[in-house]
Structures are given as C-alpha cells and as structure tokens.
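Any read-out appearing in this document is the output of simple, stated calculations on the displayed coordinates, not a laboratory observation. These numbers were taken from a predicted model, which means no experiment stands behind them. For neighbour counting, all protein chains shown are included, and Cβ atoms are generated from backbone atoms with ideal geometry for every residue, glycine included.
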Amino acid sequence: MRISRIQTSDGTVTHAFAEGDSWVPCGDPYEAFAHGEEPTRQGEPIADATLLAPAEPRIVVGIAQNGPEHPSPVQAWLKSPRTVVPSGTPVELRRNVGKVVIEGEVCVVIGRDALDVPVEDAHTVILGLTAVNDISNPERGSVDPRNFEGKGGVGYTPLGPWIETSADLAGAELEVRINGERTVLTGSHELPAGVAECVAYVTSWVPLGPGDIIMTGAPKSAFPAEPGDLVEITVAGVPLVTPCV
C-alpha cells in the first residue's frame, strides 16, 4: 500500500492511500498499524491532491558509514526534523562551505513505539520504506564531527512522496539520477548493516515512535551536486525529486 499525507484544494491536510492515480483520505495509518490493520477509508478519491512529506518525524536518525566501502560498526547521528521537505521542493544549496553532496538513501518509517527491538522483530515496528535525499556539506566534517553544520541547511532532507508499506526490507532497490542520467543502481542489499540491523541498533539507544525515520546510509549513492541540478531518487518504486538551486 502507498500511504502519504495530502493537502486538498480547500487546504485540508490528511493521511491518504493511493487508489489508481488518485488519493483516498484515510484514518491514522499509525493507529491502524499498531492494531495490525490497514487505515480506514474516510472519503472519496481525490485526483488533484498535493502530496506533502509522507511523515512528520520527531526524530530523524542517520546511519554513518553504512556503505560497501565502509564496513565498520554501526554508528548514528541526529538531524533536525525541520529540514524535512516534500518531494519537488526546490532546495537552495549552501554556498561557501565547499562541495555539496546529495545522498540517495533507503528510509525507514517507524510505525509504532519502538525500544530495544531485536533484529528479528524489526519488521513489526516498520510501517514501510520511502525515499530520502540526505543533503550534506561534507567538508565541514573536520570541524564538525557531530554533523550539526555538515547536515544543516533549509530543506536538506527531501522526503517521500509516499511510504511503500509492502517494500522488501532486505531487497529494496535504490536508483539515483542527476539531470536524467543514472548515476547508480543499488539497494538495501548492499548495506553492511541492513534495515533490520539499523532499527535494532537505533532502538537499543533511543526510543522511536510513529513517523520517526531512519536514513540507513548511502550504498555508493552519494554524489556532488550544484545549483541547477535535478536529483531523482527512487526507492522501492517511490520517486523523490529534488531541484537544486
């Protein structure tokens, strides 16, 4: 199932699920998930809805050095939830901080309260997967080991446009295109610490809740970006677009 947040023509914001090319307003998907159910239909299909960021996280967790070239113990860092923006939002890249890098990543959306979740039970707390663009200023790393500056920027976490609840956690495909040219085709299978391992690690230290997200790392999917670039990141069929300005 595809689940998102939409804004209707009268300004109403609601959760919705996809039905063909339209979106059907629905009840709280997190409450439904907690009861092992699908969200209830609460209206007629809407063809002209505006898609918002599909989740409103209170916590955004990034997994560090989780690519094939960095086989090391799992580490994590936090990013401001206020950097989250919907797909299609133009993002102004920071100037005078060195190069800017886009990172296409498989993003986990937590579906219910989660603490000390074993690897084998990780799927029980995951609502689904979506696409995320973890925009970074990597040259700040030498003076900013906690990524406050390196990951800071208005709109530096484009997310969505929907959550795919049926995605294969261990085999989610990840594609990055810049200005229409494919730069990588990879996926969650190339992460040294898989999706379930990331959830287990993070929840062993920090409690997560409905709508929180984990960016699982960039498996060969980080690339320099410049103003004028159009970045397209597709995860498990979820197509995220970021115009860089």
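A few remarks follow.
- In order through the range 17-25: 3J(HN,Hα) via Karplus (6.51 cos²θ - 1.76 cosθ + 1.60), integer Hz, x for Gly, Pro: 10, 6, 9, x, 8, 10, 10, 9, x
- Remark on residue 187: its backbone amide H falls under 5 Å from those of 174, a criterion applied only to residues 5 or more positions apart or on other chains, H modelled at 1.01 Å from N.
- Under the Karplus curve 6.51 cos²θ - 1.76 cosθ + 1.60, θ = phi - 60°, whole-Hz ³J(HN,Hα) for the range 45-62, x wherever Gly or Pro sits: x, 10, 8, 10, 6, 8, 7, 9, 4, x, 9, 10, x, 8, 10, 10, 10, x
- For the chain, calculated [θ]222 nm from helices alone, where every DSSP H run of n ≥ 4 adds -39500 (n - 2.57): -1500 deg cm²/dmol
- Amide H to amide H, with H built 1.01 Å from N, residue 106 comes under 5 Å of 216, 217, counting only residues 5 or more places away or on other chains.
- Cα-based convex hull, the range 1-88, per residue volume (Å³, whole number): 157
- Unit charges on C-beta of K, R, D, E only; dipole of the range 106-234, Debye: 180
- Volume per residue that the Cα convex hull of the chain spans, once the total is divided by residue count, Å³: 117
- Bridges between two residues of the range 2-51, per DSSP, are antiparallel at a rate of about 100%.
- Descending principal axes extents, the range 114-245, alpha-carbon based, whole Å: 42, 35, 25
- Farthest toward the positive end of the dipole of the chain, out of 4, 20, 158, is the Cα of 158, where the dipole comes from beta carbon charges about the Cα centre.
- Share antiparallel - DSSP beta bridges, the range 60-243, percent rounded to 5: 85
- Stokes-Einstein diffusion for the range 2-51, with the hydrodynamic radius set to the Kirkwood value over Cα pairs and evaluated at 20 °C in a medium of 1.002 mPa s, equals 199 µm²/s.
- Set the Cα radius of gyration of the range 147-205 against 2.2 N^0.38 Å, with N its number of residues, and you get 1.39.
- When each of 215, 1 is scored by the number of other beta-carbon atoms lying within 10 Å, the sequence from fewest to most is 1, 215.
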